[in-house]
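The values are calculated or read from the model by the stated rules, or taken from the named source; none is laboratory data. Quantities reported herein were computed from a predicted structural model and do not represent experimental measurements. A quick note on method: Cβ atoms are made from the backbone with ideal geometry, for glycine too, and the neighbour counts reach across all protein chains shown.
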Amino acid sequence: MTNSLIVPRRLILIAIGALTAITCSQPPVYTPPSPSPTSPARPAASRPAPAPVPGTSASATLRDLTGERVGTATLTDTYAGLLIAASVTNLGLGAHGIHLHSIGKCDPPFTSAGGHFNPLGKHHGFENPQGPHLGDLPNIDTPAAGALRFEVLVPGVTLRGTNALLDADGASIVVHAGRDDYKTDPAGDSGSRIACGVIVQR
């Protein structure tokens, strides 16, 4: 009599179910998508204009046409603008125009200092509807002899930043012989240049 192995149908179904469970329990293989060759590149972010660094300072020694020292100035960047603290002496009695000039060179008769600091291309004068220059400053009234101390805040001007004085050719401070009328191009009819100081970072 031949022995034959008879496997009940129920055991066959159990085995098939177990194999299916094992196969389904394996984690799926993740294939990262390949980058599209036609994807547009993101545009580079525009850089903001450099802001002033508060506390950055510079100085200038003002000399007259004979080379005599007639004043000093300290210039400091602030969040509100450029703060100028200065003193002058022996400039003669009366009012004088005083301005920031676009070139850091003070060879008598000081035309080497160039025109007023004017990066925005305005006209001269606080009372000029198309002005003022960024380098326009209020008049100073000096005694015949002795020192005059003054401070002025110049909005929109920096030493290092937007509208910077300390660029490739530097800048200077120039005092004129007469009063600035705050409206006449190019320098308020303030007369000749009698003192000049090159602005140098400290």
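Here is how the numbers come out for the structure above:
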{"quantity": "Residue check, Ala177 surrounded by fewer than 21 Cβ atoms within 10 Å (Cβ to Cβ), farther than 20 Å from Ala86 by Cβ and not polar (S, T, N, Q)", "calculated": "no"}
{"quantity": "Exclusive hit being modelled with pLDDT under 95, of a type in the set (Ser, Thr, Tyr) and surrounded by 10 or more Cβ atoms within 10 Å (Cβ to Cβ), set Thr23, Thr56, Thr76", "calculated": "Thr56"}
{"quantity": "Pairs where the first residue, in the range 147-162, is closer than 18 Å to Ser102 by Cα and the second is crowded, with 16+ Cβ neighbours inside 10 Å and among the charged types (D, E, K, R), C-beta under 6 Å, 6+ apart", "calculated": "Thr158/Asp77; Leu159/Asp77"}
{"quantity": "Matching residues, the range 90-116, being over 16 Å from Ser190 (Cα atoms) and either assigned to a loop (DSSP other than H, G, I, E, B) or in contact with a Leu (Cβ under 9 Å, 6 or more places away or on another chain) (or both)", "calculated": "Asn90, Ser102, Ile103, Gly104, Lys105, Cys106, Asp107, Pro108"}
{"quantity": "Qualifying positions in the range 60-72 - of a type in the set (A, V, I, L, M, F, W, C) and crowded, with 20+ Cβ neighbours inside 10 Å", "calculated": "Ala60, Leu62, Val70"}
{"quantity": "Filter result for His101 (in contact with a Gly (Cβ under 7 Å, 6 or more places away or on another chain) and either surrounded by fewer than 17 Cβ atoms within 10 Å (Cβ to Cβ) or of a type in the set (A, V, I, L, M) (or both))", "calculated": "no"}
{"quantity": "Residue in the range 32-47 that is modelled with pLDDT of 95 or more and part of a loop (DSSP other than H, G, I, E, B) present", "calculated": "no"}
{"quantity": "One residue from Ser112, Ser190 being among the hydroxyl-bearing types (Ser, Thr, Tyr), more than 20 Å from Glu68 (Cα to Cα) and either in contact (Cβ under 8 Å) with a residue 60 or more places away in the chain or in contact with a strand residue (DSSP E or B) (Cβ under 9 Å, 6 or more places away or on another chain) (or both)", "calculated": "Ser190"}
{"quantity": "Test: residue in the range 70-83 that is in a strand (DSSP E or B), within 18 Å of Asp181 (Cβ to Cβ) and of a type in the set (D, E, K, R)", "calculated": "no"}
{"quantity": "From the options Ala171, Ala113, residue that is within 21 Å of Tyr79 (Cα to Cα), modelled with pLDDT of 95 or more and among the aliphatic types (A, V, I, L, M)", "calculated": "Ala171"}
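Let's see how each residue does on (1) closer than 24 Å to Ala58 by Cα; (2) in contact with a Gly (Cβ under 6 Å, 6 or more places away or on another chain); (3) modelled with pLDDT of 95 or more:
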position	(1), (2), (3)
Gln130	no, no, no
Phe150	yes, no, yes
Thr162	yes, no, no
Asp167	yes, no, no
